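Here the structure is laid out as structure tokens; the discussion comes afterwards.
Rule-based calculations on the coordinates, nothing more; no lab input. Everything quoted here is computed from the prediction, not taken from an experiment. Because the Cβ atoms are built from the backbone with ideal geometry, glycine has one as well, and the counts that use them run over all protein chains shown.
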Amino acid sequence: MPNNREELEKQLRAKAEESIRKLLDNLPDKSELTMTDIENLVGEMGQEVTQGATEAIAQGEQAEPSEMICEGCQVRMHKRGRRKKRVVTKRGEIELERAYYVCPQCGVGVFPPR
């Protein structure tokens, strides 16, 4: 997530503008446009904006722990870089990139926070 409010606002605006462009690109000819079509197109746009905002804000809320201890072995886990993970939310799936840790003893991997 961006480091400050202005960066977050810029990112959220870009995601909303992308969804609006998609909506406009998918509009059928006016003579063929029904109220159901309009509701479906606007609903899809709203879902994209909601998921984009959720993803942007959640990405920044993932504080990286200073140390991870394996629940099974009680040994310090090793950080293995950052990996992407799909998360199911109330509003749909989003993708987060988070630190990934692996236990050197048992090989279990985790994405904190648990």
What do you get for the angle between helix 35-60 and the principal long axis of the chain? Use alpha-carbon atoms, 0 to 90 degrees, nearest ten. 30 degrees
Lysine pairs, Cα distance under 28 Å, 8 or more residues apart or cross-chain: how many in the chain? 12
Share of pairwise Cα separations in the range 1-101, more than 19 Å, in percent: 59 percent
Report the net charge of residues surrounding Lys22, where surrounding means a beta-carbon distance below 13 angstrom and charges are Lys +1, Arg +1, Asp -1, Glu -1. -3
So the angle from the long Cα axis of helix 5-25 to the longest Cα principal axis of the chain, reported in degrees to the nearest 10, equals 40 degrees
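Counting Lys and Arg as +1 and Asp and Glu as -1, each charge on the Cβ, what is the dipole of the range 1-61 about the Cα centre in debye, to the nearest 20?
Working: 7 positive and 14 negative charges, 37 e Å.
It comes to approximately 180 debye.
Using helices alone, what [θ] at 222 nm do you get for the chain, with -39,500 (n - 2.57) per DSSP H run of 4 or more residues, divided over all residues and rounded to the nearest 500? List each step's numbers first, then the result.
Values: 2 runs with 47 residues, N = 114.
Here the helix-only value at 222 nm equals -14500 deg cm²/dmol.
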Return the distance in nm (one decimal) between the two label points of a simple spin-label model at Leu12 and Gln47, each offset 7 Å from Cα along Cα→Cβ. 2.2 nm
Say the dipole of the range 23-114 comes from +1 at the beta carbon of Lys and Arg and -1 at that of Asp and Glu; which of Cys103, Gly92, Met45 then lies farthest toward its positive end? Cys103
